[in-house]
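This report refers to the structure that appears directly beneath it.
The values are calculated or read from the model by the stated rules, or taken from the named source; none is laboratory data. Every value quoted in this text rests on a predicted model; they were computed, and no experiment measured them. Cβ placement follows ideal geometry from the backbone for every residue including glycine, while neighbour counts extend to all protein chains displayed. For accessibility, only protein heavy atoms count, side chains too; no ligands or nucleic acids. Shrake-Rupley method; radii C 1.70, N 1.55, O 1.52, S 1.80 Å.
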Amino acid sequence: MILKNSLAFGTILLANSSLGAISTMNRFDIRQYNVLWHQQCIDSLDSMPLSGRCGAGANVWVQDGSIWIYLARNDAYDEQGRLLKLGCLRITPEFPVLDSEPFEQKLDLAEGTIWIKGSTRQGGNFQSRLWFSKDNLYIEFDSMKPVSLNVDWGTWRNAPRTGIKLDVWGTESVNPDHVEEVENRIAWSHHNAEFPSPLAQAAESQHIPLSAVNDLTRGLVFGGAVVSSTGLRFRTSEPVRWQLWDGKAWMYATSRSNKHTLCAVLRSSVSGNPKKWLKEAENLVKADRLAANRKAEIASWKEYWSRSYIEVNPSANNDDLGWQVGRNYQLFRYMIACNRGGKLPLLFNGGIFTFDNVPGRIKGNNNDELPISPGEPTTPDFRRWIGCRFMSQNQRWSGWPAVVSGDNDILAQSATFYRERERVAAARAAGLGAEGVVYPEPLDIWGLPCVAPTSNSLCGASHLTYHFSMMLEHAWMGLCGFAVNGLPIRDDIGWMLGTVRFYDSYYRAECKRRTGNELDSRGRLVIYPSNGLELAYNATNPIETVAGLRRVTCALLALPKTYLSAKERTYLAEVKKRLPDLPVGTSNGKDIYKFAEKHESEYNKWEYPEMFAAWPYRLAGVTKPETLPRLRNTEDELPQYRLDFISRDFSWMPNAVNAAAMGKSNEAKKRIIHKLANQQAQARFPAFFGPGHDWIPDHNCGGSGMTALQEMLMAADPYGDGHIYLLPAWPKDWDVRFKLHAPHKTVLVCEVRNGKVVFLEVSPASRKKDVVIAPGF
C-alpha cells in the first residue's frame, strides 16, 4: 500500500507478499574481492594488511626478495600513552626465489590469509602462507627444494631516542625495548613501569584525583616472541638502516628444509612475561596445534563473512566504480576485523596498519598549511595528529559500521572505552559542580583531554572547550547496538545515564548563575555556553546536542525495566519534559534546521551539524518522511562559504551519510564513489584510504564510507515506528546484493537487479510487514 502522507517514502511490503525466488544470494563468495599482486613492493606504503583478532595484525610486503612484516597490537600503549608497533620481521630465503617472475602476493579474504609465491631454477617453486590464529601470527613456508631462511627481527627502539618525528607538529622521545639474546629464538618486550609516565602530573594539573583514573598503561608489558619449527641459529646483531628508520636487528637462520613454520606471538598485558611468550610460541608450532588452529581460524572467518555483506554490481568488471565501492567496503571490513574481541577502539588515523612516511610518495591533503612529511628521523609509528589520540568525532567511525554489519565484537570497544573512563569523567563533572559524567572531545588513553588541557580538565582550544556531544553519540551508538543486535550494555547504563545528568545539572546551574533561573521562560533547558561541533563557538542549544539528549533520554526510558531503577526512570521522564526543541528557522521563506539557536562565532567550516538531526539521531530524514522538505531546504540554503568546505567530503566528513539520510540517491552515489572507489588512491592496497584530513590508512574515511553505503540500502530508527526503509537512496542503475541487520534482531537479505527488487528475505518473517520499499523499486 502507499503511505498516506504525500511525502510517502514508498510501499510497505505485506507479510504474505512475494517477490519471487529468482536470486543468486546463496552464491556470495568473498573471494571475488581477493587482492592479487604480481610485482614486489617499493616500500611499506605498498604493504598489504593481515588481520588477526584481539587487536592483532601486520603489514606484509615483499621488497628486494625479502618478506617484510610490521607487527602490531591495538593495545600496545606505552608509558606516554602512544600506540606503538611491535617491531619488524624480515625473512629472506637463501635462494632468490621472490625477486623474479613469476611472483605472486595474494590476500585470500575467505581464510584471512596472505599467500606469497615465487620460483627460480635454483630454488624451485616456493610459497609462504601468513595467517593469524587470534593474536598469534603463523608464517608457513613450502618449497620444492630444501631452503634455509634468514629470520631477522629489527626495532627502532633499541636505544633511547630523541627528536623523533611522529607527527607533523614536533618531535617526541621514545624509550627502549628489552631484547632476549638467546641462541635459538627471539623475544622482545617493552616495560612501561621502567619509564616515567606523565599521567600523575597531568591529572594533578587538571585537578583530577589520580585514584579516579583507570591507568591501563601502568605495568603494561608488550612485545612478542618468534620461534621456528626448524630451529633458529643466531648469526649476529648489528645496527641497521631499514626502510626509513635507524635501529638494530637480531639475525637468525633456520636449518635447511622443504617446510618451515614460524610463529610470532604478539602480546600486551600487565606484568607480561617474555619467557612465557616463548613457551607459548614453541607449543603453537607443534603440528597438532597448527592444524587445530588453522581449522578454527578458517571457521572464524567463515562465520564473520556470513554475518553480512554488500556486493555492488556483482556482474561488472573490476574497473566499474560501483564494483569498486562494493569491493572496498568488504576490504575495509576485513581490515577492521583485526579488532574482533579487542580491548580498545581502532585509532582513526591509521589503526594498527601505519607505515613509513616516505617523503614524496604521499601527496595532497586537506590541511595545506601542514606538511605531508616532516622528514627524518621518523618511524612506522608516525600518524598525523598523533597527539589527538582518541578524537571522539573521528573515533565514532570505528563503531557505527558494526551496528548494521552485526559485528558486536567490533562495536563493543566503543562503549567499553567510555565505561572504563567513567570515574575520571565523573571527577571532571564534579569539578565543574555538576552531576554525571563529562568527556571532552579529544581524549587520551587515560580519559584526560590531550589537546591544550585546562585546570578544570577541559580542552583549552576555543572550538573544543564545550564540545561534549560525542559522549551522547557514543551512548546512542551503544543503545542502537543493543536494539539491533542485542549488544550487552547493562554495565554501560551508568555512564550513559551520566551524560544526560551532566547536561541537565551543569546547564541548569549555568543558566541560574546568569539569569537567576535554572530554566528558560518555557521551563526548558538552556545549553549555553556550548560548542556546536567544531563550528559554533558560544552556541546556545546546538542541534546535535539537543538531538542527542532527546534520543538518549528516550532510548534509556525504552530499555527493559531491569536496566533502570524506578528513581532513574522518574528522573529521565522529568528531564525529557524540559529538553529544548530542535533549533529551526527560515531562510528565504523556507523552513530549515539551524545548527544552533544562536552563536557568537564560527571556527571549522568543514562541519555540518544540522544533519545530525537526520543521522545518526533520525529525528528527520528518510525515516521521518514528513521532515524531508525542511531537511533538503536546509542544504539548499547553506551559505556558499560553508558549502565550499562541506562539499569536499574527505576522511571523517559524513556527507555521503547525509545524502543517504535525505534520500538523495544521485548525490549519495557521487559521494560514495569519492569515499570508497579509490579515485584518489595513493596506497597500493585499495582500502588504505587517505590521507584526507588525517593519515593513511584513514579509518574514519573507511568507517564513514561503510556507514553511508549501509544507509543508502537501509534505514531504520531503533526506537521509532518500527519501519525498515529499504533502498532509501539507492541509485537505480546499480545492481546490489546485500545482507544487513535491522532493529529487533532482524536480518534482511535482498537483491536488486535492473532497478527492481527481485529477492527479499526478512528474518524473522513477522518483520516483513514493516519493510517499506522506496518508490520505483
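Does segment 635-777 classify as rounded, prolate or oblate by the C-alpha gyration tensor (a ≥ b ≥ c root eigenvalues; a/c under 1.5 gives rounded; else a/b over b/c gives prolate, otherwise oblate)? Here segment 635-777 falls in the prolate category. For the chain, a crude dipole built from +1 on the beta carbon of Lys and Arg and -1 on the beta carbon of Asp and Glu, taken about the Cα centre, is about 1760 debye to the nearest 20. Highest-first packing order for the peptide set 767-777, 458-468 is 458-468, 767-777, based on the mean count of other beta carbon atoms within 10 Å.
At a probe radius of 1.4 angstrom, the accessible area of segment 309-406 per residue rounds to 25 square angstrom.
For a Förster distance of 60 Å, can you work out the FRET efficiency between the beta-carbons of E761 and S521, rounded to the nearest 0.05? Kindly include the intermediate steps, with their values, before the conclusion.
Values: r = 54 Å, r/R0 = 0.89.
With R0 = 60 Å, the Cβ-Cβ based efficiency is 0.65.
Could you work out the percent of alpha carbon pairs in segment 553-628 separated by over 21 Å, rounded to a whole number? Before the final figure, lay out each step's value.
Values: 1363 of 2850 pairs.
The answer is 48 percent, as a whole percent.
Here the gap between T162 and K769, fully extended at 0.36 nm per residue and compared with their Cα-Cα distance, gives a gain of 212.1 nm.
Take the alpha carbon gyration tensor of segment 67-179, find the square roots of its eigenvalues, order them as a ≥ b ≥ c, and report rounded if a/c is under 1.5; if not, report prolate when a/b exceeds b/c, else oblate.
Numbers: a/c = 2.62, a/b = 2.02, b/c = 1.29.
Prolate.
Tell me the per residue accessible area of segment 542-628 using a 1.4 Å probe; a whole number in Å² is fine.
Numbers: 3480 Å² over 87 residues.
Ligands and nucleic acids excluded, the figure is 40 Å² per residue.
I'd like to check one number: the per residue accessible area of segment 676-777, probe 1.4 Å, reported in Å² as a whole number. Write out the running numbers ahead of the final one.
Details: 2720 Å² over 102 residues.
The answer is 27 Å² per residue.
The label point for E376 and the one for K598, both projected 7 Å from the Cα toward the Cβ, are 5.8 nm apart.
Using a 1.4 Å probe on the protein chains only, how many percent of the accessible area of segment 651-777 belongs to carbon and sulfur?
After summing per-atom areas, the C and S share lands at 49 percent.
Per-atom-type breakdown for segment 133-259 gives carbon and sulfur 49% of the accessible area (1.4 Å probe, protein chains only).
When only DSSP loop residues count, what trypsin sites (Lys or Arg not before Pro) in segment 135-232 have their Cβ near at most 16 other Cβ atoms within 10 Å? Write down the numbers at each step before the final one.
On the way: sites: R157, R161, K165, R185, R218; in loops: R157, K165, R185, R218.
Here the trypsin sites (Lys or Arg not before Pro) that fit, given the DSSP loop and packing criteria, are R218.
Values of log10 I(q)/I(0) for the chain across q = 0.07 Å⁻¹ run -0.51, by the Debye formula with one identical scatterer at each alpha carbon and no solvent. Over segment 43-187, calculate the relative contact order: mean separation of alpha carbon pairs under 8 Å at least 6 apart, over the residue count, as a percent. After rounding, I find 18 percent.
The stretch between S205 and V182, if pulled fully straight at 0.36 nm per residue, gains 3.8 nm over its current Cα-Cα span.
Among K106/K259; K343/K577; K590/K675; K577/K605; K134/K670, which pairs are too far apart, with a Cα-Cα distance over 26 Å? Intermediate values should be presented prior to the final figure.
Values: K106/K259 20 Å; K343/K577 38 Å; K590/K675 31 Å; K577/K605 33 Å; K134/K670 38 Å.
As for pairs spanning more than 26 Å Cα to Cα, those are K343/K577; K590/K675; K577/K605; K134/K670.
Helices of the chain meeting both criteria, an alpha-carbon length of 27 angstrom or more along the long axis and an average Kyte-Doolittle score not below -1.0, with helices taken as full DSSP H segments, are 493-515. When 1/r is averaged over all different Cα pairs and the result inverted, which Kirkwood radius in Å belongs to segment 243-313? Every distinct Cα pair counted, the radius reaches 16.3 Å. For the chain, the mean residue ellipticity at 222 nm estimated from helices alone is -8500 deg cm²/dmol, where every DSSP H run of n ≥ 4 contributes -39500 (n - 2.57) and the total is divided by all residues, rounded to the nearest 500.
When only Cα pairs below 8 angstrom with a gap of at least 6 residues are kept, the chain shows a relative contact order of 14 percent.
Using per-residue counts of other Cβ atoms within 10 Å, averaged over each peptide, order 196-209, 491-504, 134-147, 699-712 from highest down. If you can, show how the numbers build up before the last one.
Numbers: 196-209: 16.0, 491-504: 22.3, 134-147: 20.3, 699-712: 28.3.
Packing order, densest peptide first, comes out as 699-712, 491-504, 134-147, 196-209.
Taking a ≥ b ≥ c as the square roots of the eigenvalues of the Cα gyration tensor, segment 216-284 is classed as oblate, since a/c reaches at least 1.5 and a/b does not exceed b/c.
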